[in-house]
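Here the structure is laid out as structure tokens; the discussion comes afterwards.
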Amino acid sequence: MAIKPAIQQYLDSLQVQTEPVRQPFSVSLDVKDLKFVLKETYIKRVSQREIPFVDDAYTDEKLQKAAKWLSGSGKPGLLLYGTFGNGKTTLARAICDLVNYANKNNPVAVYTARDLTRIAKSDETKFDEIIKLPRLYVDDFGWEPATVKNWGNEINPIVEVVEERHKRLLF
């Protein structure tokens, strides 16, 4: 089928995103080995909190999903959610430990949502740098103020984080 010149002109005019986007990382292990290493890292993180590790089906399922994600199978971002005290932060920190070990030159930056809100209010340049980092872990979504005032302007830093990372395919 021949494409009409007007349609071809439109297609040729479409811009390909030229700014740097997601820098994939790799942990050169299969999912089974990744799960084993992640579980051991998670157990160490749990013991640092001086609480017992519970080896149950719920934990096993979360470790399996995280290992699959670490192997590069799946979407570029990982969202851990659940009720207070179910291990989200501990698992996220274990994932960061493993990613940082495998990618020493490009570690995961770790911030809480409240930290990002404070930084957005006090240092716009630093905030802009943070939200463009290739690897970012944001903890405790929902505990930050929804909006803050910055020089009289009302801003929503966490929405800006999500939008910027989505635009750059950093999720």
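Once each of the trypsin sites (Lys or Arg not before Pro) sitting in a DSSP loop with at most 12 other beta-carbon atoms within 10 Å is removed, the chain keeps 105-171 as its longest stretch. Summing Cβ point charges (Lys, Arg +1; Asp, Glu -1) relative to the Cα centre of the chain gives a dipole of roughly 260 debye. With all protein chains in place and a 1.4 Å probe, the accessible surface of the chain carries 55 percent carbon and sulfur.
Percent relative contact order of the chain, based on C-alpha pairs within less than 8 angstrom and at least six residues apart?
24
Which residue fluctuates most in the GNM of the chain (Cα springs below 10 Å): SER71, SER47, SER13? It is SER13.
How much accessible area per residue does the chain have, in Å², with a 1.4 Å probe? Walk me through the numbers before you get to the answer.
Numbers: 11760 Å² over 171 residues.
On a per-residue basis, the chain sits at 69 Å².
Could you tell me which label, among (i) 58, 33, 30; (ii) 66, 52, 31; (iii) 50, 34, 28, carries the value of Cα extents along the principal axes in Å calculated for this structure? Derived directly from the coordinates: (ii).
The values are calculated or read from the model by the stated rules, or taken from the named source; none is laboratory data. For clarity, every value in this text was computed on a predicted model and none was experimentally measured. Backbone-built Cβ (ideal geometry, glycine too); neighbour counts: all protein chains shown. These area figures cover heavy atoms from the full protein model, side chains too; ligands, DNA and RNA do not enter into them. Shrake-Rupley method; radii C 1.70, N 1.55, O 1.52, S 1.80 Å.
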